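The values are calculated or read from the model by the stated rules, or taken from the named source; none is laboratory data. Remember, it's a predicted structure, so these values are computed and weren't measured experimentally. Backbone-built Cβ (ideal geometry, glycine too); neighbour counts: all protein chains shown.
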Amino acid sequence: MNELATDRSKLSTRDKILHTIKELHAATVEDLASAADISPVTVRHHLNALLAEGLVTTESIRRKVGRPHHVYSLSDDGQELFPQKYFRLSSHLLAELKRQFPAQMVNQLFNGVAQAILDEHRGQFEHLGFEAKLSFLVKILGQEGFLANWEQTAAGDYRLTEYSCPYLSIGEVHTEVCGFDKQLMLRVLQTEIQQHSCMLNGDNCCQFTIQR
């Protein structure tokens, strides 16, 4: 998603609402109407759209007297609209790890992260057939930010293609990150995997051939 502009004078009504929720953490319709200088009816129209897009969440708060009122907060997706410094922090952390530890230990740390992710899904995929495991793998990759799918080739093997990589920018600086997704594949499928293309090398996708 695109980062929101920070100049309030250039913000749309929708973005003023998002910025106000960000600043207040939990905002009422009245808060948003005052901040955006619009009617509560118009605020509710925008909030319904933002709720449908999954950018905000709502909670009913009970008061001592009168009817409960609703407050609105940003969802995780809504938080991602605002400028983040994850890349800078991650890059510094990886650089420090590589400075303090040998390359083998850094790779072991990445392997440990892959295993920790799969431990969260223990018992969900081990009993599945091979193609069901492939589908499960694509689901896990999707949760980690990869856009991927698989297909069977004419030769009877399987091809897994990643069309996007959430770590592409940081992988250009720290190539160790590039093996993270392959570790997930190896641990789920337990079979030989060959990589034929990589976005870090300028290719349009990362593509793997998997032998059953």
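Listed values, structure above:
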quantity: Residue in region 38-45 that is at pLDDT below 85 and either surrounded by fewer than 15 Cβ atoms within 10 Å (Cβ to Cβ) or outside the structural domain of Q143 (by TED's automatic domain parsing) (or both) present; calculated: no
quantity: Helices (runs of 4 or more DSSP H) fully within region 79-150 counting 1 or more residues that are within 30 Å of L11 (Cβ to Cβ); calculated: 86-100
quantity: Out of L160, L141, L137, sole residue that is under 14 Å from the mean Cα position of the chain (by Cα), closer than 22 Å to R212 by Cα and buried (at least 16 other Cβ atoms within 10 Å of the Cβ); calculated: L141
quantity: Evaluation of I170 against (1) among the hydrophobic types (A, V, I, L, M, F, W, C); (2) closer than 28 Å to S91 by Cα; (3) over 21 Å from the mean Cα position of the chain (by Cα) (one fails), failing number; calculated: (3)
quantity: Members of region 172-212 found to be in a strand (DSSP E or B) and surrounded by 14 or more Cβ atoms within 10 Å (Cβ to Cβ), listed by number; calculated: I193, Q195, S197, C206, Q207, F208, T209, I210
quantity: Residue in region 138-159 that is hydroxyl-bearing (S, T, Y), at pLDDT below 95 and more than 17 Å from Q207 (Cα to Cα) present; calculated: no
quantity: Conditions (1) under 16 Å from V177 (Cβ atoms); (2) hydroxyl-bearing (S, T, Y); (3) touching a residue at least 12 places away in the same chain (Cβ under 8 Å): number failed by Y72; calculated: (1)
